[in-house]
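To keep things clear, I will list the structure first and then write my remarks on it.
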Amino acid sequence: MKKICYLTTIKDSISAFFVPQLNYLSENGFEVTVISDRSLQYSKKLSNRVRRIDIDIPRGVSLLGTVRSITVLKRIFKKERYDMVQYSTLNASFCASIAAKLAGIRIRNYHMMGFRYQGFSGIKRLIFRSIEKLTCDFSTSIECVSKGNRQSGIDEKIFKAEKAVVVWNGSTGGVDVKRFDVSKREPWRKTIRDQLGIAQEEFVFLFAGRITGDKGINELLKAFMNLHIDAKLVMVGNQEGINTINAGLWEKAIANENIIIRPAVTNIEEYYAAADCLVLPSYREGFGNVLIESTCTGTICIAADIPGPSEIIDNIGGYKCRVKDAHDLRDKMRIVVRNRQKHIPIDIANRVALYYNADTLNKEILKRKQKLLGL
């Protein structure tokens with residue numbers, strides 16, 4: 001039985017993206033191990049066949065922490081003698097790619113979810129680009145979550161074309177059609193709207209994700225405040241980058257009775273169903289999982305015309321807006337409101353299931369692993 005190890009910096013990445021494929025691989029001829037931080041909150045979702053090893057890999061720049069992590073991982077890899085090590089998230093991937101090479105792991109597979117350096121400038125951009133480039137150099141294969149992600153890496157000379165692929169139609173782990181179930185749209189919609197004090201007939205825009213500047217929050221707030229249409233904006237996510245949002249704009253948002261701000265939730269599928277349109281005006285995304293999740297519940301989307309989100313919209317429908325353009329975003333929001341009767345939830349959900357169903361993606365991931373291992 002071949003041994004595969006998946007590794008990320010934090011357990012949230014495992015929980016959000018990889019559990020279905022880990023369980024599927026463990027059911028289909030692989031001995032699977034997960035290495036992540038010391039939180040076991042995701043363990044109940046994992047099959048008992050999946051082994052867990054917990055270590056702390058530093059987030060951000062930490063020379064001492066990085067050296068320590070590489071040393072610990074090298075020791076684990078040499079002891080376990082995995083046939084393949086797969087890694088995601090920047091720091092975990094950098095440490096694991098080096099440790100796996102030093103430990104003599106033959107197949108070092110980088111699951112690339114996006115380029116973090118693209119959100120930086122100056123020396124910080126140079127440092128993070130170098131980390132990305134070195135990770136790719138130490139890896140024997142690269143799996144990109146979108147075609148745009150792959151093309152960007154080729155164009156910016158992060159890796160060579162022959163080294164990188166996109167599995168099936170892309171995404172990190174596809175969409176779970178059982179969780180994001182369009183048949184539950186109406187009861188979810190009523191429950192959440194009642195909780196938030198929103199009338200059932202009101203038009204609701206939703207943003208779901210980190211509330212920070214590079215997610216396009218400044219443009220979203222400007223667009224909504226200049227919409228001059230009777231509508232609500234619900235924002236759900238951790239406020240990780242309030243300092244990157246225009247202070248005056250944020251104060252107006254807090255005071256605006258038509259803008260509802262909530263922290264991250266565990267029942268995001270119900271919020272998707274409660275909305276009429278999800279908006280993702282992000283400056284950069286590896287893929288954009290919120291787009292396929294919300295669409296699976298029958299909610300139409302607006303996304304910035306950037307690699308990743310743009311190809312999702314091309315595949316499943318929706319609207320694109322120019323990146324960092326609040327005026328164009330406002331215009332697209334007006335169009336969505338005007339066309340609300342044309343958006344049929346079941347048709348929207350069926351399109352996303354055709355392209356990004358997690359069950360189908362898991363089968364393609366299994367084929368990919370078998371090919372890499374020569375099975």
Query raised in the report: Going toward the positive end of the dipole of the chain, with +1 on Lys and Arg Cβ and -1 on Asp and Glu Cβ, which of THR33, ASN226, GLY197 do you reach last?
Result: THR33
Report summary line: Diffing the stretch 162-167: the Karplus 3J(HN,Hα) column from phi (6.51, -1.76, 1.60, θ = phi - 60°), in whole Hz with x for Gly and Pro, holds 5, 8, 10, 9, 10, 7
Requested in this report: Identify all lysines with a Cα-Cα distance to LYS367 below 16 Å; exclude those on the same chain that are fewer than 8 residues away in sequence.
Outcome: LYS2, LYS3
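Relative contact order for the stretch 182-356: what percent, with Cα pairs under 8 Å and sequence separation of 6 or more?
25
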Requested in this report: Please list the radius of gyration and Dmax for the stretch 1-102, considering alpha-carbon atoms only, with Å as the unit.
Outcome: 12.8, 39
Report task. Could you estimate the translational diffusion coefficient of the stretch 324-375 from the Stokes-Einstein equation, with Rh from the Kirkwood formula over C-alpha pairs, at 10 °C and 1.306 mPa s, in whole µm²/s? Result -> 110
Report task. Round to the nearest 10 and give me the degree value, 0 to 90, for the angle of helix 345-356's Cα axis relative to the longest principal axis of the chain. Result -> 20
Query raised in the report: Roughly how many Å is it from the Cα centre of the stretch 315-375 to that of the stretch 134-199, as a whole number?
Result: 9
Query - Ratio of the Cα radius of gyration of the chain to 2.2 N^0.38 Å, where N counts its residues - result: 1.00
Report summary line: Sorted by chain and number, the residues with a modelled amide H under 5 Å from that of LYS2, at a separation of 5 or more or across chains, are GLU31
**Report entry** Within the chain: Cβ-based charge dipole about Cα centre, in debye rounded to nearest 20 (Lys, Arg +1; Asp, Glu -1)
**Finding:** 1480
Query raised in the report: What per residue convex hull volume, in Å³, do the alpha-carbon atoms of the stretch 184-337 yield?
Result: 99
Report summary line: The helix 326-338 Cα axis meets the longest alpha-carbon principal axis of the chain at an angle in degrees, between 0 and 90 and rounded to 10, of 70
**Report entry** Value in Å of the Kirkwood radius, where the stretch 266-375 supplies the Cα pairs that are averaged
**Finding:** 14.9
Query raised in the report: Along the charge dipole of the chain, Cβ charges K/R +1 and D/E -1, which of LEU206, SER15, VAL337 sits furthest on the positive end?
Result: SER15
Report summary line: In the structure shown, of LYS215/LYS342; LYS133/LYS215; LYS45/LYS190; LYS11/LYS101; LYS320/LYS369, the pairs separated by more than 26 angstrom at the C-alpha atoms are LYS215/LYS342; LYS45/LYS190; LYS320/LYS369
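A short reminder: the numbers here are calculations on the coordinates, not readings from a lab. The structure displayed is predicted, hence computed values, not measured ones. When we count neighbours, we look across all protein chains shown, and the Cβ atoms used for this are built from the backbone with ideal geometry, even at glycine.
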